[in-house]
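Here the structure comes first, spelled out in structure tokens, and everything after it is commentary.
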Amino acid sequence: MKTKDPSYRALLQLGEQLRELTSERSPDIGAKTAPPAPVNTEIQNELEALLNNTRQNNPWFTEESCMHALRYWAGALSEDTLERWLSPYDAPGSSPRIIALIMAGNIPLVGFHDLISVLLTGHKALVKCASKDTLLLKYLVSLLTRYEPGLTSRIRFTDGKLGAFDAVIATGSTNTSRYFEYYFSKKPHIIRKNRHGVAVLSGQETPAELSGLAEDVFRYFGMGCRSVSKLYVPKGYDFDPLFKAFYPFKYLIDHQKYGNNYDYNKAVYLMSGSPMLDNGFLLLKEDPGLGSPIGTLFYESYEEQGAVVQRLIALKDEIQCIVGGSWLSGAIPFGSAQRPELGTYADGVDTVDFLLKTSAESPSAI
């Protein structure tokens, strides 16, 4: 984009602020740290209160999970990264529309990419947050409007009916997507369904690659659509090195909700006589499904790599990302599932292109 929306500069300022805020706090497991930068005390205090309130509102949104999400956006909101993302696209149009955003709430800030896409393409956002993920997003919006007060009139949150809008991006489960498809059928729309992350192992992975896979499995308690919930392993695979790589995440069992899910699923499998591997904080179960429950990781064995490739092709509409080695076409590196490029779009639908093409005969009033 040669012509930038005013939100562009505000997002760069937000990125600078997030880099300051996240530099002084504990890093993610295995992350390299840089010397801390000086931090505005007022903003730091706001962050402390925000993290406490967020955890109370949603116990799944631990400080570690929230900080991981904030670190991701601290890195993503740099000039180089934004330019690399936006350079292929035309400039925003001169007729802004109202884009309704119905956001998921499975992981922190999961809808922020949609919001900034709306702003950067010159539109207005009508945002309906998931009930368990309101605080972080609203805080980042409050920072954006400090940097660019004009954005105040372009972002509106709603807890009830959407009201007037020109197009919609709705994210939900496979069940809710059927309702969305019907309800929004007369409006330009992107409707997202349940998808899953999978990993394909050759048995030749290095310890560093398996450690990266552990990040892909356990980050956000495995609740993201990009979280690896299914492994494809060669027949006779030795799981010991994998369990060794998983060990740094043993502390998750002390999280009450995660521990309860692990205990419940273990009891169900034991009562049904289902074979499983158990390392004390994760159940590994052979299962054809893609979406494993919390505290469980499904796997399937394969004999030929070509067969697993064909299997993935058949399941492409249910898969969000594939983690694997360089031998596997379309795979992303181990450890990168929760750090996608800004141009990696959910369900493979180009959000920015959709928004640039969106038009309505009579734009609504926000």
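Taking 0.36 nm per residue of sequence separation and removing the Cα-Cα distance, the Glu181/Ser78 pair yields an extension gain of 33.6 nm. Each of the trypsin sites (Lys or Arg not before Pro) that DSSP puts in a loop and that has at most 13 other Cβ atoms within 10 Å breaks the chain; the longest unbroken stretch is 236-366.
Hull volume per residue, based on the alpha-carbon atoms of the chain and their convex hull, is 150 Å³. In the chain, what percent of the accessible surface is made up of carbon and sulfur (1.4 Å probe, ligands and nucleic acids excluded)? Taking all protein chains in place, the chain shows 51 percent carbon and sulfur surface.
Pairs of Cα atoms nearer than 8 Å and 6+ residues apart set the relative contact order; for the chain it is 18 percent. Report note on the peptides 301-308, 72-79: ranked by the mean count of other C-beta atoms within 10 Å, highest first, their order is 72-79, 301-308. Net charge near Tyr183, counting Lys/Arg +1 and Asp/Glu -1 over other residues with Cβ under 13 Å of its Cβ? Taking every Cβ under 13 Å from that of Tyr183, the sum is +4. Measure nothing fancy, just the Cα-based angle from helix 305-314's long axis to the longest principal axis of the chain, in degrees from 0 to 90, nearest 10. Here the helix axis deviates by roughly 40 degrees. Distance between the modelled labels on Thr3 and Gln256, one decimal in nanometres: 5.4 nm (7 Å Cα→Cβ projection).
Model label sites at Lys266 and Ser87, defined 7 Å from Cα along the beta-carbon direction, differ in position by 5.1 nm. Axis angle, to the nearest 10 degrees, between helix 174-183 and the longest C-alpha principal axis of the chain: 30 degrees. Between Ala199, Ala214, Ala314, the residue with the greatest mean-square fluctuation in the GNM of the chain (Cα pairs under 10 Å linked by springs) is Ala314.
Would you mind counting up the charge near Leu284? Only other residues with Cβ under 13 Å from its Cβ, with Lys and Arg at +1 and Asp and Glu at -1.
-3
With no solvent and one point per C-alpha, what does the Debye sum give as log10 I(q)/I(0) for region 201-334 at q = 0.13 Å⁻¹? Evaluating at q = 0.13 Å⁻¹ gives log10 I(q)/I(0) of -0.53. What's the FRET efficiency of Arg156 with Glu304 using the Cβ-Cβ distance as r and R₀ = 41 Å, to the nearest 0.05? The pair Arg156/Glu304 has a calculated efficiency of 0.15. With all protein chains kept in place, the per residue accessible area of region 60-146 amounts to 31 square angstrom at a probe of 1.4 angstrom. Defining a contact as two alpha carbons under 8 Å apart and six or more residues distant in sequence, what relative contact order in percent does region 110-210 show? Once divided by the residue count of region 110-210, the mean separation gives 22 percent. What pairs from Lys2/Lys187; Lys4/Lys161; Lys2/Lys186; Lys2/Lys357; Lys4/Lys128 go past 21 Å between their alpha carbons? Over 21 Å Cα-Cα: Lys2/Lys187; Lys4/Lys161; Lys2/Lys186; Lys4/Lys128. Taking a ≥ b ≥ c as the square roots of the Cα gyration tensor eigenvalues, region 272-366 comes out prolate, since a/c reaches at least 1.5 and a/b is larger than b/c. With the convex hull of the Cα atoms taken as the outline of region 168-280, the averaged projected area works out to 9.6 nm². Helix 63-76 and the longest principal axis of the Cα set of the chain meet at an angle near 60°. Among the lysines of region 226-339, pairs at least eight places apart or on separate chains and with Cα atoms under 26 Å apart come to 19. Heavy atoms of the protein chains alone define the surface here; on that basis region 163-247 has 44 Å² accessible area per residue at 1.4 Å probe size.
If R0 is 41 Å, the Cβ-Cβ spacing of Leu143 and Lys316 corresponds to a FRET efficiency of close to 0.60.
The values are calculated or read from the model by the stated rules, or taken from the named source; none is laboratory data. Just so we're clear, the structure is a prediction, and the values are computed from it rather than from any experiment. No Cβ is skipped: glycine too gets one built from the backbone with ideal geometry, and neighbour counts run over all protein chains shown. For the accessible areas, the whole protein counts, side chains as well, though only heavy atoms, and no ligand, DNA or RNA atoms are used. Shrake-Rupley method; radii C 1.70, N 1.55, O 1.52, S 1.80 Å.
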